[in-house]
Amino acid sequence: MPVKVHALDHLVINVSDVAASAAWYGKILGMEVKAFDPGGGKAPRTFLEFGNQRINVRQRDADKVEWFTANHPTVGSEDLCFLTSATPDEVVAHLRAHGVAIEEGPGPRQGARGTLRSVYCRDPDGSLIEISSYGDAG
């Protein structure tokens, strides 16, 4: 029987400043900032929790052996879409209230389960962040 994945457990973003990025994701996207000790004398690590998902936040110049990283970790190269129950207008108002520039939207986009309505902005390193909701995507 072939291997078939059914979910994403976590992903890793490479950032120039772990504390600044974690604060941004916490404040702007409401993610919970946490730390864990990987053991083995390795430094504590920061991660973001939301729903049943997790994002590990890795410093750009993290030791490749300690972190077991991709071959070419690059800051600002992510293009991530997050789902929210907030309306697009609420997303726009929230971003503006926190001084976050809106790159595009709200507008309809194709998501994994159909049409969603998206607002785009950038995180502190320039990664593209899409904040989306299903329903009323016309």
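Of the strands (runs of 3 or more DSSP E) lying entirely inside the range 90-138, not one is found with 1 or more residues being small (Gly, Ala, Ser), within 17 Å of Gly30 (Cβ to Cβ) and in contact (Cβ under 8 Å) with a residue 60 or more places away in the chain. Counting the residues of the range 79-105 that are closer than 17 Å to Leu128 by Cα, exposed (fewer than 14 other Cβ atoms within 10 Å of the Cβ) and of a type in the set (A, V, I, L, M, F, W, C) gives 1. Within the range 68-111, which residues are closer than 21 Å to Ala23 by Cβ and of a type in the set (Phe, Trp, Tyr)? The one that is closer than 21 Å to Ala23 by Cβ and of a type in the set (Phe, Trp, Tyr): Phe82.
With respect to the conditions (1) of a type in the set (Asp, Glu); (2) modelled with pLDDT of 95 or more; (3) over 20 Å from Ala70 (Cα atoms), Asp37 lacks only one, and its number is (2).
When Gly30, Gly51, Gly26, Gly76 are checked against the criterion of being at pLDDT below 95, surrounded by 11 or more Cβ atoms within 10 Å (Cβ to Cβ) and under 24 Å from His94 (Cβ atoms), Gly76 stands alone in meeting it. Per this entry, Pro108 is not counted among residues that are more than 11 Å from Cys121 (Cβ to Cβ), crowded, with 17+ Cβ neighbours inside 10 Å and of a type outside the set (Val, Ile, Thr). For the range 118-129, check the following and say yes or no: at least one residue is within 21 Å of Leu11 (Cβ to Cβ), within 15 Å of the chain's Cα centre (by Cα) and surrounded by fewer than 14 Cβ atoms within 10 Å (Cβ to Cβ). Checking the range 118-129: at least one residue is within 21 Å of Leu11 (Cβ to Cβ), within 15 Å of the chain's Cα centre (by Cα) and surrounded by fewer than 14 Cβ atoms within 10 Å (Cβ to Cβ).
The values are calculated or read from the model by the stated rules, or taken from the named source; none is laboratory data. It should be emphasised that the depicted structure is a prediction, and the values quoted were computed from it without experimental measurement. Cβ: placed from backbone, ideal geometry, glycine included. Neighbour counts: every protein chain shown.
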